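Worksheet for the structure shown next.
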Protein chains: 2
Amino acid sequence: MADAQAQILDAAEALFARQGFAATTIKAIGHQAAVNPALLYYYFPDKAQLYHAVLERRLATAAREVAQKLRPDAPAPEAIAQAIRAYATLMRQTPYLPRLIARELADHEAAHALPLIREIAAGLFQRLCEVIRRGQDRGELRADLAPQFAAISTIAQVAWFFVAQPAVSRLLGFDGAVPADEIERYTEHVIRYAMAALTPDARRPTRARKRARR
Amino acid sequence: MADAQAQILDAAEALFARQGFAATTIKAIGHQAAVNPALLYYYFPDKAQLYHAVLERRLATAAREVAQKLRPDAPAPEAIAQAIRAYATLMRQTPYLPRLIARELADHEAAHALPLIREIAAGLFQRLCEVIRRGQDRGELRADLAPQFAAISTIAQVAWFFVAQPAVSRLLGFDGAVPADEIERYTEHVIRYAMAALTPDARRPTRARKRARR
DNA sequence: GTCTATAGCGGGATAGAC
DNA sequence: GTCTATCCCGCTATAGAC
């Protein structure tokens, strides 16, 4: 058995992700962690800070992994494809992360969300926008899409899939969670879909293509 | 002043959407509705059924509006563009709907979600898949994308934008909500992005194109 | 239909034994 | 470090006056 603190964090993570902060009781966390509920107060000052600890444990490492793939100097299509893969892998390996993030966004009106989350979201987003903008300048990507919107469209496909996972799973005809190989297939689909949307089409000369021809 | 029942439903909708079911108290709803909290129990049997009433009031009409646009016999690109517009308009006019739906998906593990939600989600999704499948058969859409995945990618772009609205708004540089004209611009962007992803590319002959040439 | 008062329960958090 | 016992508060829901 791992040490109690880790047990508690794991249990809390699962419950906060599935039910939200308010609906999750200290007693339920203790039960799920197979630990005496009063013990939570030995490791954490109160429920709110336990929640923050849960988020921080995941986020710090997670953000770095995705950001690494977004190199503005690399060819944009490759960089974006790699980032999508990294993001999907992360979400698959950390199954509760998407819902934790989604709750943070929905519950706290963003203004009161953890500063850590705000920073990470803004950092990754700016970075992706930058990659897209450079790709457009080089003619690798269509120039008639607003970079911010293109970034949102691309992120949304992965983010929504994982956030709505329970429902998506049913819609795809599975009973419990979506099987790992299906997630991988979806990830590769997103890359194809996003690439088709983002790269210039021979039939539709874009400003970037004209620029590239000079 | 509208009748008390409507006041209560409006207040409950706003609070459930922003904070979730568990974090919303009867007293807060009464306060927000400018109504005595005990009065809620005159109109609704308990908190859970008030919540259901909130959802049902919105969902019944909402689903029909979007489904109407998804005519499998119409040209797929037009049908999809219309559906995206209808969906976005609906979400814009019913600002709390996206978060209510997202919470329903995240909280209830889909299996225990309101049957009404399950039906609507499944119905709309099947319908969109059907439109895509027919479009592929007619050569209007790329045939190398799985229809279910293509449907998820397309829906996700709009759904995520609205669910993550508070955060998205900040990322786009706005302070409060995203202004209406920016939402409209994003909607048109999604249509362009989705169309580029879904329609065949001259450089990349697809099975559907070959089929269409016969 | 609307309000006051309150019952009754379950939650977060603490004291203190071991 | 872990457990028992318990306090106190705020919540849902009801009884009953008006």
>> Checking the condition of a type in the set (Phe, Trp, Tyr), away from DNA strand D (no atom under 16 Å from the Cβ), surrounded by 16 or more Cβ atoms within 10 Å (Cβ to Cβ) and farther than 22 Å from A:Trp160 by Cα, which residue from A:Tyr51, A:Tyr96, A:Tyr87 passes?
In response: A:Tyr51
>> Within the range A:1-16, does at least one residue satisfy the condition of being crowded, with 17+ Cβ neighbours inside 10 Å, over 23 Å from the mean Cα position of the chain (by Cα) and within 16 Å of DNA strand C (Cβ to nearest atom)?
In response: yes
>> On the basis of being surrounded by 15 or more Cβ atoms within 10 Å (Cβ to Cβ), outside any loop (DSSP other than H, G, I, E, B), β-branched (Val, Ile, Thr) and within 18 Å of the chain's Cα centre (by Cα), does A:Ile80 make the cut?
In response: yes
>> For B:Lys27, only one of the following conditions fails: (1) of a type in the set (D, E, K, R); (2) at pLDDT below 95; (3) not assigned by TED's automatic domain parsing to the domain that holds B:Ile191. What is its number?
In response: (2)
>> Can you confirm whether B:Glu104 is outside the structural domain of B:Ala196 (by TED's automatic domain parsing), within 23 Å of B:Ala121 (Cα to Cα), surrounded by 19 or more Cβ atoms within 10 Å (Cβ to Cβ) and more than 16 Å from DNA strand C (Cβ to nearest atom)?
In response: no
> Is it true that B:Thr24 is in a loop (DSSP other than H, G, I, E, B) and either more than 14 Å from chain A (Cβ to nearest Cβ) or within 12 Å of DNA strand D (Cβ to nearest atom) (or both)?
Replying inline: yes
> Hey, does the range B:33-41 have a residue that's aromatic (Phe, Trp, Tyr), assigned to a helix (DSSP H, G or I), within 16 Å of DNA strand D (Cβ to nearest atom) and surrounded by fewer than 19 Cβ atoms within 10 Å (Cβ to Cβ)?
Replying inline: yes
>> Just to check your reading of the model, which residue among A:Gln136, A:Gln68 is in contact (Cβ under 8 Å) with a residue 60 or more places away in the chain and assigned to a helix (DSSP H, G or I)?
In response: A:Gln136
>> So if I check each of A:Asp46, A:Asp73, which one is more than 16 Å from DNA strand D (Cβ to nearest atom), more than 14 Å from chain B (Cβ to nearest Cβ), surrounded by fewer than 15 Cβ atoms within 10 Å (Cβ to Cβ) and of a type outside the set (Lys, Arg)?
In response: A:Asp73
> Which residue pairs have Cβ atoms closer than 6 Å, lie 6 or more positions apart in sequence or on different chains, and pair a first residue in the range A:29-58 that is more than 26 Å from A:Ile117 (Cα to Cα) with a second residue that is more than 8 Å from DNA strand D (Cβ to nearest atom) and of a type in the set (D, E, K, R)?
Replying inline: A:Pro37/A:Lys27
> Residues in the range B:192-199: is at least one more than 30 Å from A:Ile117 (Cα to Cα), modelled with pLDDT of 90 or more and not in a helix (DSSP H, G or I)?
Replying inline: yes
> Within the range B:91-107, which residues are within 13 Å of chain A (Cβ to nearest Cβ) and of a type in the set (A, V, I, L, M, F, W, C)?
Replying inline: B:Leu97, B:Leu100, B:Ile101, B:Ala102, B:Leu105, B:Ala106
> Looking only at the range A:153-172, which residues are within 7 Å of chain B (Cβ to nearest Cβ) and touching a residue at least 24 places away in the same chain (Cβ under 8 Å)?
Replying inline: A:Ser153, A:Gln157, A:Ala159, A:Phe161, A:Val163
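The values are calculated or read from the model by the stated rules, or taken from the named source; none is laboratory data. What you see is a predicted model, and the numbers here were worked out from it, not measured in a lab. Here the Cβ is made from the backbone with ideal geometry for all residues, glycine too, and neighbour counts use every protein chain on show.
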